Amino acid sequence: MKTKRILAIILICATLALTVLAYGCASHKDWEDIGPKGEMIIGVTLNPPMNYKDESGKWIGFDTEFAEAVCEILGVKPIFQEIDWNSKETELKAKNIDAVWNGMTINEERAKAMDISTPYMSNSQVIVVRAEDEAKYKDMKSFAGVKVVAEAGSTLEQTIQKIDLFKDADYIGVDKQVTGLLEVKSGTADVTLVDITLAKESLKADSDYSGLVYIEIEELKEEFGIAFRKNSPETLKKINDAIKQVSDSGKLLEIAEKYELASALIVK
């Protein structure tokens, strides 16, 4: 009889513990991961003109200044942390970062894994080759056997893996989009895919990547969004409301014009 009483007490305690745990989880507000600490840790990569560093090592760029403007409205300090793009979802889940704000393309797979803001900019993927080789790439057959590189874990990589244009190409993933440009520039790769925003900024005549050109493909259109941990409705609402305020004030357009991206803005 005594044993039964002890078992009953254990079961009651276990039930109470589970109830408290469930209540605690249910009552937790996702903004509490950001607001109380007074800062938002933002995962970025070297991706000009969206996020890159000036000569002093300070992060600058369209997304950098956009994040600063939004965080000012929210009353938190943006902390930019360089990440491995291939590990962005893991970094969010582990709470090593609070957001991915880095010219991130919205797609179905990412929308299932993360909460994503309203789209704020249109984008397209482009093929980058050496200028002297541009005439070679006129049809699908011309890409057979080429060595093509792209940022691992990106939608650029997904494009290479799924479209027929590269079905007979030799693909290798790299750590950053700019690494792909360096590979093509040096001749260790024939082709790379990058965002058009990066291509326009990086392939200027006086840049380190002069001698490279990009080829546009009409069907490779996409949109950028900001990613947060899954099931973060409060954070997402605050971000989307702040985006609207930055846009309505004219600040977003001002930042876009500074980086020659005004024509790509969706939120205006």
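The numbers here are math on the coordinates, done by the rules we state, and not lab data. All of these numbers come straight from a predicted model, not from anything done at the bench. Backbone-built Cβ (ideal geometry, glycine too); neighbour counts: all protein chains shown.
What aspartates and glutamates sit close enough to K77 to cross-link, taking a C-alpha to C-alpha distance under 15 Å and skipping anything fewer than 8 places away on the same chain?
Cα-Cα hits under 15 Å: E32, D33, E39, D63, E65, E68, D98.
Pull out a ≥ b ≥ c, the square roots of the eigenvalues of the alpha-carbon gyration tensor of the stretch 123-222, then state rounded if a/c is under 1.5, prolate if not and a/b is larger than b/c, and oblate in the remaining case.
rounded
Would you mind getting me the FRET efficiency between E132 and N107? Use the beta-carbon distance for r and R0 = 35 Å, nearest 0.05.
0.55
Mind scanning K136/K167; K88/K176; K95/K221; K53/K230 and naming the pairs with a C-alpha gap bigger than 21 Å?
Going by Cα-Cα distance, K95/K221; K53/K230 fall outside the 21 Å limit.
Within the chain, which whole H helices from DSSP have a Cα span along their axis of at least 24 Å and a mean Kyte-Doolittle hydropathy of 0.0 or more, if any?
TM-like helix candidates: 2-27.
Which FRET efficiency value, to the nearest 0.05, is calculated for K58 and D164 with the Förster distance at 45 angstrom and r the Cβ-Cβ distance?
Once rounded, the FRET efficiency stands at 0.55.
Quick one: 3J(HN,Hα) in Hz for the stretch 82-98, Karplus 6.51/-1.76/1.60 with θ = phi - 60°, rounded, Gly and Pro as x.
6, 10, 7, 4, 5, 10, 4, 5, 5, 4, 5, 4, 7, 6, 6, 9, 9
Lys/Arg Cβ at +1, Asp/Glu Cβ at -1, dipole of the stretch 123-222 taken about the Cα centre: which of G211, S124, G153 is farthest positive-ward?
Projecting each Cα onto the dipole axis, the largest value belongs to G211.
With Cβ to Cβ distances under 12 Å as the rule, what net charge do the other residues near P48 carry (K, R +1; D, E -1)?
Neighbourhood net charge equals -2.
Loop only per DSSP, at most 16 neighbouring Cβ atoms within 10 Å: give me the trypsin sites (Lys or Arg not before Pro) in the stretch 188-249, ordered by residue number.
Taking the stretch 188-249 and a limit of 16 other Cβ atoms within 10 Å, the loop trypsin sites (Lys or Arg not before Pro) found are K204, K230.
If contacts are Cα pairs under 8 angstrom and at least 6 residues apart, what is the relative contact order of the chain in percent?
25 percent
Near the amide H of F80, under 5 Å away, which other amide H atoms are found, from residues 5 or more places off or on another chain, if H is placed in the peptide plane?
I42
Suppose every Lys and Arg Cβ carries +1 and every Asp and Glu Cβ carries -1, with no other charges. What dipole size does the stretch 123-222 come out with about its Cα centre, to the nearest 20 debye?
Dipole about the Cα centre, nearest 20: 120 debye.
I need to check one value: relative contact order of the stretch 115-228, counting alpha carbon pairs closer than 8 Å and at least 6 residues apart, in percent.
Averaging sequence separation for qualifying contacts and normalising by length gives 46 percent for the stretch 115-228.
Can you classify the chain as rounded, prolate or oblate using the Cα gyration tensor, where a ≥ b ≥ c are the square roots of its eigenvalues, rounded means a/c under 1.5, and otherwise it's prolate if a/b beats b/c and oblate if not?
prolate
What order do you get for L212, L253 when you list them from fewest to most C-beta neighbours inside 10 Å?
L253, L212
Run the helix sum for the chain: -39,500 (n - 2.57) per DSSP H stretch of 4+ residues, divided by residue count, reported at 222 nm to the nearest 500 deg cm²/dmol.
Roughly -11500 deg cm²/dmol at 222 nm, from the helical runs in the chain.
Choose one answer from D175, D195, D164: the residue with the largest mean-square fluctuation in a GNM of the chain with alpha-carbon springs under 10 Å.
D164
Using the basic label-point model (7 angstrom from Cα toward the beta carbon), what is the E39 to S249 distance in nanometres?
A separation of 2.2 nm, rounded to one decimal place.
Could you identify which residue out of S247, S202, S142 has the top mean-square fluctuation in a GNM of the chain using Cα springs shorter than 10 Å?
Checking each option, the largest mean-square fluctuation is seen for S142.
Given the C-alpha centroids of the stretch 190-218 and the stretch 101-148, what is the distance between them in whole angstrom?
With the stretch 190-218 and the stretch 101-148 each reduced to a Cα centre, they are spaced 12 Å.
With each label point set 7 Å from Cα along the Cα-Cβ vector, what nm distance links K258 and D84?
3.3 nm
Using a Gaussian network model on the chain with a 10 Å cutoff between Cα atoms, which of G61, G38, G180 fluctuates the most?
Result for the chain, Cα springs under 10 Å: G38 fluctuates most.
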